[in-house]
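Trainee: To start, I am sharing the structure in question, which I have written as structure tokens.
The values are calculated or read from the model by the stated rules, or taken from the named source; none is laboratory data. Computed from a predicted structure; not experimentally measured. Quick reminder, even Gly has a Cβ in these numbers, built from the backbone with ideal geometry, and neighbours come from all protein chains shown. Quick note on the areas: whole protein, heavy atoms, side chains included, nothing else; ligands and nucleic acids left out. Shrake-Rupley method; radii C 1.70, N 1.55, O 1.52, S 1.80 Å.
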Amino acid sequence: GGGSQSEARNMKGAVFFCLLGSAAAFAPVAMRPAVMRPTMAAPVQMSLDPVTAADSASHATQLLALALPIPQFNPAKAFIMMFSNILIICTMSIQGKSLARGTPHDEMVESFGITWLLAGTSLGHIVGAGAILGCTAAGFLA
């Protein structure tokens with residue numbers, strides 16, 4: 001009936017919004033350069049000392065962390081990620097079965113089990129990350 005067509009239209013609109021947000025993540029945005037702090041160079045040694053190797057890995061990790069600006073987490077981003085995961089899990093189709101097509105939840109769990117959940121959350125996180133990046137680049141999120 002009319003309700004099913006309306007739900008399908010709403011679902012298409014939601015998917016379109018997520019895709020639009022994901023596509024906006026690829027817009028060129030001027031980023032401010034990361035502030036690099038000078039570090040003391042470790043003395044050169046000829047043999048490999050495990051303590052020195054661990055310190056070198058720690059310094060490399062710290063330098064990498066300083067070079068990558070990571071925006072602050074906030075509840076709006078959490079909502080977008082949760083929405084994306086739920087949307088993908090509810091609309092994904094495996095072997096012709098999906099919740100959107102009327103397959104009961106219990107049948108989906110019996111047929112696919114944890115595979116269904118892992119596949120849905122994996123794709124949901126990719127879509128969610130794209131939507132967060134897109135919404136941030138478009139100025140909807142801080």
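Trainee: So for the range 133-142 (the condition being more than 25 Å from residue 7 (Cα to Cα), exposed (fewer than 15 other Cβ atoms within 10 Å of the Cβ) and modelled with pLDDT under 80), does at least one residue qualify?
Mentor: yes
Trainee: For the range 67-122, enumerate the residues that are closer than 25 Å to residue 134 by Cα and of a type in the set (Phe, Trp, Tyr).
Mentor: Selection gives 73, 79, 83.
Trainee: Then there is this: So, in the range 122-132, exactly how many residues are open to solvent by 60 Å² or more (accessible area, probe 1.4 Å) and not hydrophobic (A, V, I, L, M, F, W, C)?
Mentor: Count: 2.
Trainee: I'd like to know if the range 83-97 contains one or more residues that are closer than 22 Å to residue 6 by Cβ and of a type in the set (Phe, Trp, Tyr).
Mentor: Yes, some residue in the range 83-97 is closer than 22 Å to residue 6 by Cβ and of a type in the set (Phe, Trp, Tyr).
Trainee: Those residues that are hydroxyl-bearing (Ser, Thr, Tyr) and either in contact with a Lys or Arg (Cβ under 9 Å, 6 or more places away or on another chain) or within 29 Å of residue 74 (Cα to Cα) (or both), I need them from the range 89-142; list them, please.
Mentor: Step one: filter the range 89-142 for residues hydroxyl-bearing (Ser, Thr, Tyr), giving 91, 93, 98, 103, 111, 115, 121-122, 136.
91, 93, 103, 111, 121, 122, 136 - these are the residues of the range 89-142 that are hydroxyl-bearing (Ser, Thr, Tyr) and either in contact with a Lys or Arg (Cβ under 9 Å, 6 or more places away or on another chain) or within 29 Å of residue 74 (Cα to Cα) (or both).
Trainee: Just for the range 75-94: of the residues that are touching a residue at least 12 places away in the same chain (Cβ under 8 Å) and among the polar types (S, T, N, Q), which one is least open to solvent (accessible area, probe 1.4 Å)?
Mentor: So the residue we want is 84.
Trainee: Looking only at residues in the range 105-121 that are without any contact (Cβ under 8 Å) to a residue 24 or more places away in the chain and either open to solvent by 70 Å² or more (accessible area, probe 1.4 Å) or in contact with a Gly (Cβ under 6 Å, 6 or more places away or on another chain) (or both), which one is nearest to residue 16 (Cα to Cα)?
Mentor: So the residue we want is 118.
Trainee: Search the range 74-93 for residues being of a type in the set (Ser, Thr, Tyr) and assigned to a helix (DSSP H, G or I), and hand back the single one that is farthest from the chain's Cα centre (by Cα). Before you say what the answer is, go through the steps one by one.
Mentor: Taking the range 74-93 first, the residues of a type in the set (Ser, Thr, Tyr) are 84, 91, 93.
Imposing the further condition that a residue be assigned to a helix (DSSP H, G or I) reduces the set to 84, 91.
Details: 84: 9, 91: 18 Å.
Within the range 74-93, the match that is farthest from the chain's Cα centre (by Cα) is 91.
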